[in-house]
Amino acid sequence: MQLWEPAQQDSPREMKASKALSIIAIEEKALSLNPLGLIKIEFGNSQFDTRQMYPISFEAAGDNLMVKLSPDFTQCKAIGRGGSCGTNEQGEECCAPAAETLPVQLLTLNTRAVDCCTPGSGCC
């Protein structure tokens, strides 16, 4: 969701809440929106670089709706894809502890053709 801040406080171009709700209703017909899903609001102005933020509180004051925003946290996208952002001396990735590795168990398989398909022969 993008949030637009008008240049003037009492701008005649402000969007009414009913208009915003009608846009969401149209979107819900095209996309299944999760009512419990997280929402990010993209905001920026001349004093604040545009970025995505989470709404943390809402305050209704007359006809105005004030939305308090909190910046998003930086995430290592490589970790989510099974990759790494780098490792430290202990082998820990920058975003998470190193994954526990299990020792590999080596087995000797029976290679005799006669016993190959009998139960317990070790060929399977």
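Can you tell me which residue in region 5-39 is modelled with the highest pLDDT, limited to those that are among the hydroxyl-bearing types (Ser, Thr, Tyr) and either assigned to a helix (DSSP H, G or I) or over 22 Å from residue 50 (Cα atoms) (or both)? First the steps, then the outcome.
The first filter runs over region 5-39 and keeps only residues among the hydroxyl-bearing types (Ser, Thr, Tyr), leaving 11, 18, 22, 32.
Narrowing further to those that are either assigned to a helix (DSSP H, G or I) or over 22 Å from residue 50 (Cα atoms) (or both): 18, 22, 32.
Values: 18: 82, 22: 87, 32: 83.
Checked region 5-39; the qualifying residue modelled with the highest pLDDT is 22.
Yes/no per residue for (1) of a type in the set (A, V, I, L, M, F, W, C); (2) surrounded by fewer than 11 Cβ atoms within 10 Å (Cβ to Cβ):
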{"position": "34", "(1), (2)": "no, yes"}
{"position": "37", "(1), (2)": "no, yes"}
{"position": "40", "(1), (2)": "no, no"}
{"position": "46", "(1), (2)": "no, yes"}
{"position": "51", "(1), (2)": "no, no"}
{"position": "56", "(1), (2)": "yes, yes"}
{"position": "66", "(1), (2)": "yes, yes"}
{"position": "73", "(1), (2)": "yes, yes"}
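The values are calculated or read from the model by the stated rules, or taken from the named source; none is laboratory data. Everything quoted here is computed from the prediction, not taken from an experiment. As a convention, Cβ positions derive from the backbone with ideal geometry for all residues, glycine included, and neighbour counts pool all protein chains shown.
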